[in-house]
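Data first, discussion second: the structure below is written as structure tokens.
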Amino acid sequence: MLFKPKVLFGQILLQNNIINEEQLNTALAKQKETGDLLGVTLMKMGFVDEEAIMLPLLAEQLDVDFISLKEKAIKPDIIRRVPAKFATYYKVLPLSYQDEALTIATPHPLDINIIDGIGLVTQGKIHTILASEKDIMEGIRKYYGVGAETIDKMMDSVDVEDALDQTVDNIEEIDSDASIGKFINQILLQAYKDRATDIHIEPYENDLKIRYRVDGILYDTQLPTNIWHFRDAINSRIKIMSNLNIAEKRLPQDGRFKVKVGVVDLDLRVSFLPTPYGESVVIRILSSTKLYNMRELGLAGEKQNILNELIKKPHGIIFVTGPTGSGKTTTLYSCLSNINNTDRKIITIEDPIEYQLAGTTQVQINPGIGLTFAAGLRSMLRHDPDIMMVGEVRDLETAEIAVQVALTGHLVLSTLHTNDAASGITRLIDMGVEPYLITSSVECFIAQRLVRLICPKCKKKMKVSVQVAQELRLDSKEISEGFTLFEGEGCDYCNFTGFYGREGIYEFLKVDEAIKEMIMNKASVSKIKSKAIESGMQPLIRDGWNKVRQGLTTPSEVIRVTKEETN
């Protein structure tokens, strides 16, 4: 420490009622152990959570400048003046270079070790500015890329050409802190922190991109510039973790592995696809222990009551429909969790098993050895189940067995890939299922989508335009009301997207007598849908609009996920 303030910083905080005597004494004791500045220690201990108050006071006391990095844009040529491994080790971020002096942001502006360390890799004087450690680390990730310091160290210690031709043994022999394994762990950890459901690793001619899917939308991840050199090594390491053939690069491969983040177990499903510039990889992240209740799914009021009645029926089929990634399996597991008790035998057959549900028998299909959905369904019947869940009805054989199972006194839950509930009927007929079998066995078709929820931290009011009102099919009374809607402005909490989390919107098409008659007559999808709406079915877009009125999501988000409905 180069400078000792004349007025003790702790006393200033006490005078301003920012902390109390007990907190100060505790922090001072902790400071002796860590050697950190008192202000940094107070923030780490949670005694001071307002950096907007704390850091400016600290800067004034230390007679240094303070900067908030949240709105700061830094030029690439400035970032390149400090290597990633130095920026990460010393927790600094270069800000500007002028008159042969480099200005860096640091949580320890008076630490001579930091100034000397950065002076080793850059010419000229070093000028320090106080900034939040959290903002600095976020800035390092933003400007240098995820795992940049690892790639930097590997570039120093591993020949690039050798990295392209890494074998299994070579990769496993890397014991240093800088390794492909560490880099992949950093990618996985960042994906988990960002709430990503999928990681896309995509090779191009002279580039490698990694994208995270968050709340259903893909976002680019900032990466180190040298990452392209390690693309084959990255793929080989993932194949080793997934127990796949690392020598096979011409054919698609699928695998899985597990990792642990704190107390959370993550199940990772991996898929490799050959492209002209290398293998494209998608890693799907599943938290196999996280189950949602119906309210968390977005079901409330009448719809929740309808679903509760349906899943308590002794027999019949309930189909959940929607495109890939619309949350169908999550809804089915919520239903199973709701009715799972000791007096019922529940068996599921899936591809893959996405959740672990205690008290149920779960089967993973394996077409390579003949264990298909149809074959599994036949065997499941010999185990005397009360309730059966079929991951997906894909063909006539599976559909017919599911129907027969329902007709013999079992409740069956399954999914179909269709755009709306009414299309589920024609999908079954197109497969070859006789209309009378549909009317005898199916209780309900449920269509669903996932809409992004407005970030609670940056939620603000907005007004609906006439065009949006028309697209949402509002009536004149609703338009004339002039009610207030909401949107997300974008903030750190939601990564400046304006959205945080997702919730389902639903339509329930119950197979009543009127619908049964239309099925027998093979009526068109539009006629069946019109009749269902006439009988009280609320279509997807109307359920979405209800969530807009509740301030949960935005009109544009509802239009985005229900664009088939608005055409």
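Return the only residue of Tyr500, Tyr493 being at pLDDT 90 or above, open to solvent by 60 Å² or more (accessible area, probe 1.4 Å) and within 22 Å of the chain's Cα centre (by Cα).
Only one candidate passes the filter, namely Tyr500.
Pick out, from region 375-468, the strands (runs of 3 or more DSSP E) lying fully within it that include 2 or more residues that are more than 25 Å from the chain's Cα centre (by Cα) and buried (at least 20 other Cβ atoms within 10 Å of the Cβ).
387-390, 411-416, 442-454
Quick one: count up the residues across region 291-322 that are at pLDDT 90 or above, part of a loop (DSSP other than H, G, I, E, B) and open to solvent by less than 40 Å² (accessible area, probe 1.4 Å).
1
Lys303: touching a residue at least 24 places away in the same chain (Cβ under 8 Å) and touching a His at 6+ places or on another chain (Cβ under 8 Å), yes or no?
Numbers: touching a residue at least 24 places away in the same chain (Cβ under 8 Å): yes; touching a His at 6+ places or on another chain (Cβ under 8 Å): no.
Criteria not met by Lys303.
Within region 469-487, how many residues are modelled with pLDDT of 80 or more and either open to solvent by 80 Å² or more (accessible area, probe 1.4 Å) or not hydrophobic (A, V, I, L, M, F, W, C) (or both)?
Summing the residues that are modelled with pLDDT of 80 or more and either open to solvent by 80 Å² or more (accessible area, probe 1.4 Å) or not hydrophobic (A, V, I, L, M, F, W, C) (or both) in region 469-487 gives 1.
Test each condition in (1) under 19 Å from Tyr144 (Cα atoms); (2) part of a helix (DSSP H, G or I); (3) modelled with pLDDT of 85 or more for Thr26 and report the one that comes out false.
(1)
Which of the residues that make up region 6-23 are part of a loop (DSSP other than H, G, I, E, B) and either in contact with a Leu (Cβ under 9 Å, 6 or more places away or on another chain) or open to solvent by 90 Å² or more (accessible area, probe 1.4 Å) (or both)?
The answer is Lys6, Leu8, Asn16, Asn17, Ile18, Ile19, Asn20.
Any residue in region 122-146 that's under 23 Å from Glu100 (Cβ atoms): show its pairings with residues that are crowded, with 20+ Cβ neighbours inside 10 Å and small (Gly, Ala, Ser) at Cβ separation under 7 Å, as long as the two are six or more apart or on different chains.
Within 7 Å, the pairs are Ile129/Ala105; Ala131/Ala105.
Find all pairs meeting these conditions: Cβ atoms under 9 angstrom apart; at least six residues apart or on different chains; first residue within region 372-383 and touching a residue at least 12 places away in the same chain (Cβ under 8 Å) and of a type in the set (Val, Ile, Thr); second residue part of a helix (DSSP H, G or I) and open to solvent by 70 Å² or more (accessible area, probe 1.4 Å).
From region 372-383, the pairs are Thr372/Glu397.
Does any residue of region 224-240 turn out to be surrounded by 14 or more Cβ atoms within 10 Å (Cβ to Cβ) and in a strand (DSSP E or B)?
Checking region 224-240: not a single residue is surrounded by 14 or more Cβ atoms within 10 Å (Cβ to Cβ) and in a strand (DSSP E or B).
Check Ile515, Ile533 and return the single one that is open to solvent by less than 10 Å² (accessible area, probe 1.4 Å), within 30 Å of Glu434 (Cβ to Cβ), assigned to a helix (DSSP H, G or I) and at pLDDT 90 or above.
Among Ile515, Ile533, only Ile515 is open to solvent by less than 10 Å² (accessible area, probe 1.4 Å), within 30 Å of Glu434 (Cβ to Cβ), assigned to a helix (DSSP H, G or I) and at pLDDT 90 or above.
When region 209-218 is examined, which residues are found to be surrounded by 17 or more Cβ atoms within 10 Å (Cβ to Cβ) and either in contact (Cβ under 8 Å) with a residue 60 or more places away in the chain or on the phi > 0 side of the Ramachandran plot (or both)?
Listed by number, the residues that qualify are Ile210, Val214, Asp215, Gly216.
Say we look at region 80-113 and pick out the residues that are open to solvent by 10 Å² or more (accessible area, probe 1.4 Å) and in contact with a Phe, Trp or Tyr (Cβ under 7 Å, 6 or more places away or on another chain); which of these is farthest from Met137 (Cα to Cα)? Break it down into steps so the answer makes sense when it comes.
Of the residues in region 80-113, the ones open to solvent by 10 Å² or more (accessible area, probe 1.4 Å) are 80-81, 83, 85-86, 88-91, 95-101, 103, 108, 110-113.
Now narrow it down to the ones that are in contact with a Phe, Trp or Tyr (Cβ under 7 Å, 6 or more places away or on another chain): 81, 110.
On the way: Arg81: 17, Leu110: 19 Å.
Filtering region 80-113 for residues that are open to solvent by 10 Å² or more (accessible area, probe 1.4 Å) and in contact with a Phe, Trp or Tyr (Cβ under 7 Å, 6 or more places away or on another chain), the one farthest from Met137 (Cα to Cα) comes out as Leu110.
Considering each residue of region 336-369, count those that are in a helix (DSSP H, G or I) and hydroxyl-bearing (Ser, Thr, Tyr), and give that number.
1
Considering only region 156-202, state which residues are modelled with pLDDT under 90 and among the β-branched types (Val, Ile, Thr).
Once the filter is applied, which keeps residues that are modelled with pLDDT under 90 and among the β-branched types (Val, Ile, Thr), region 156-202 yields Val158, Val160, Thr167, Val168, Ile171, Ile174, Ile180, Ile184, Ile187.
Could we say that Asn20 is among the polar types (S, T, N, Q), over 25 Å from Pro224 (Cα atoms) and at pLDDT 80 or above here?
Yes: the conditions hold for Asn20.
Report the residue count in region 196-208 for those that are touching a residue at least 24 places away in the same chain (Cβ under 8 Å) and not in a strand (DSSP E or B).
Number satisfying all stated conditions: 1.
Just checking, which of Val121, Val48, Val64 is assigned to a loop (DSSP other than H, G, I, E, B), in contact with a Gly (Cβ under 8 Å, 6 or more places away or on another chain) and either open to solvent by less than 20 Å² (accessible area, probe 1.4 Å) or at pLDDT below 85 (or both)?
Val48
Could you list, in sequence order, the residues of region 69-128 that are among the acidic types (Asp, Glu) and under 24 Å from Pro56 (Cβ atoms)?
Result: Glu71, Asp111.
Restricting region 267-284 to residues that are closer than 26 Å to Glu503 by Cα and surrounded by 20 or more Cβ atoms within 10 Å (Cβ to Cβ), which is nearest to the chain's Cα centre (by Cα)?
Out of the qualifying residues, it is Ile283.
The values are calculated or read from the model by the stated rules, or taken from the named source; none is laboratory data. All figures in this text were calculated on a predicted structure; none of them were measured in a lab. With ideal geometry, Cβ positions are generated from the backbone for all residues, glycine too; neighbour counts draw on all protein chains shown. In case anyone asks, the SASA skips ligands and DNA or RNA and just uses the protein heavy atoms, side chains included. Shrake-Rupley method; radii C 1.70, N 1.55, O 1.52, S 1.80 Å.
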